[in-house]
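S.K.: Sharing a structure, written as structure tokens. Questions coming.
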Amino acid sequence: MKTNKDQSKSFDALLIKYLTGSATPEERDNALAWINENIEHQKYFDELKDYYQLTKVIQKPSGFIKDKSWERIKEEYAKAAHTIELHNERRQFIRRLVYISVSSAAAVFIAFFLGIYFNKQSSLKLVNTQSLAYNQIIVPLGAKSQVILSDGSKVWLNAGSKLKYPVSFLNGSREVFLEGEAFFDVTKINHKQFIVKTSNLNIKVYGTQFNVKAYSEENQIQTTLVKGSVALEPLLDNNNTVYFLKPNQTATFFKSNSTIKTTNNQLNNPDSEKGKADEGIFVVNKIDPLPIISWKDKEWIFKGEELGQLAVKLERRYNVKISFEDISLKTYKFSGTITDLTFEQVLMVIQLSAPILFNIDGNNVVFKGNSMYRNKYDKMILKSKS
């Protein structure tokens, strides 16, 4: 029966490929599956990653033995340069290395071996000059995805989103690039700040949970904080203004103009408890984050959602195209929970909840008013508000 240590050895080559960015998509998925299988695998990978990066292992290795692990690394990647005599004199070793063609992954580990074997300071300099290898996840419409980054941070990606991130965080900060919507559960590392970069706004954190919606086709970038703290830095702010969020706050940044537009009249008194407007940023306090972040969960909750905005979310979630025959229908508000409903079932719920009819033609849906029911519905709404 194989021990955990033996199983770890059998995965070394795959993990090294994943660390160096040379793994195929299938190999990357297999590596992530193995890493996330249990806590021992995660610890083993973290220590292998730290060793690869030439950083000091802070805690006692759990099943990871430096010398033996390096021998296994050397055995795998020495195949690409088998004519090198690793035990030759230093000068002869370096002279021969220049003339040998090796893969980029092998070159990293040969440089690493040279640094450990001859000069630690020199090896650190070599690693710092290496460019980062990036992965990119593109989530199509009608789908969702989840990824665990090399630092253990978890990211959920909504439909129509794109995330670019390093295979391994080698520098002083952890930077990822987002287009679309994502929920982040960031692992706290004191000396490595985590930064989410969007088209117009950087979100800086250490360890926290938050949601970012930054679709390129929308004029807004919305950041909702669930736990911890984040700092928002607009890229084109000449004053270098930084906005800090507290838990249960949501901030909306407007890209194209400094006139803040809302559909809920919260700016009538911008300094009230509901929110504060400051140039292109609008912050709302004491919000319920669940309807904002529940897109990633089995139960999708929406509360007081205008049909115009709900339609945009439905388009992405179900990969459809929605239009309105009567634009006044966009202002109708809906609250509820969707659990594993088909798109047709969602449309039926909408039709039963408001004076709205729909026509489906392939992937296209048209909303139109139900005149027979509309007057009765509007009177009922006015009565409930009085």
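The values are calculated or read from the model by the stated rules, or taken from the named source; none is laboratory data. All figures in this text were calculated on a predicted structure; none of them were measured in a lab. Cβ sites come from the backbone with ideal geometry, for glycine too, and all protein chains shown count toward neighbours.
S.K.: Just to be sure I understand, how many residues within segment 153-174 are over 22 Å from residue 295 (Cα atoms) and assigned to a loop (DSSP other than H, G, I, E, B)?
M.R.: Selection size over segment 153-174: 6.
S.K.: Kindly state which strands (runs of 3 or more DSSP E) lie completely within segment 259-354 and contain at least 3 residues that are more than 18 Å from residue 249 (Cβ to Cβ) and modelled with pLDDT of 85 or more.
M.R.: Where strands (runs of 3 or more DSSP E) fall fully within segment 259-354 and carry at least 3 residues being more than 18 Å from residue 249 (Cβ to Cβ) and modelled with pLDDT of 85 or more, they are 299-306, 321-324, 333-339.
Each row is one residue, and each column tells you yes or no for (1) modelled with pLDDT under 75; (2) basic (Lys, Arg); (3) in a helix (DSSP H, G or I); (4) touching a helix residue (DSSP H, G or I) at 6+ places or on another chain (Cβ under 8 Å).
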{"residue": "19", "(1), (2), (3), (4)": "yes, no, yes, yes"}
{"residue": "31", "(1), (2), (3), (4)": "no, no, yes, yes"}
{"residue": "34", "(1), (2), (3), (4)": "no, no, yes, yes"}
{"residue": "44", "(1), (2), (3), (4)": "no, no, yes, yes"}
{"residue": "49", "(1), (2), (3), (4)": "yes, yes, yes, yes"}
{"residue": "55", "(1), (2), (3), (4)": "yes, no, no, no"}
{"residue": "60", "(1), (2), (3), (4)": "yes, yes, no, no"}
{"residue": "63", "(1), (2), (3), (4)": "yes, no, no, yes"}
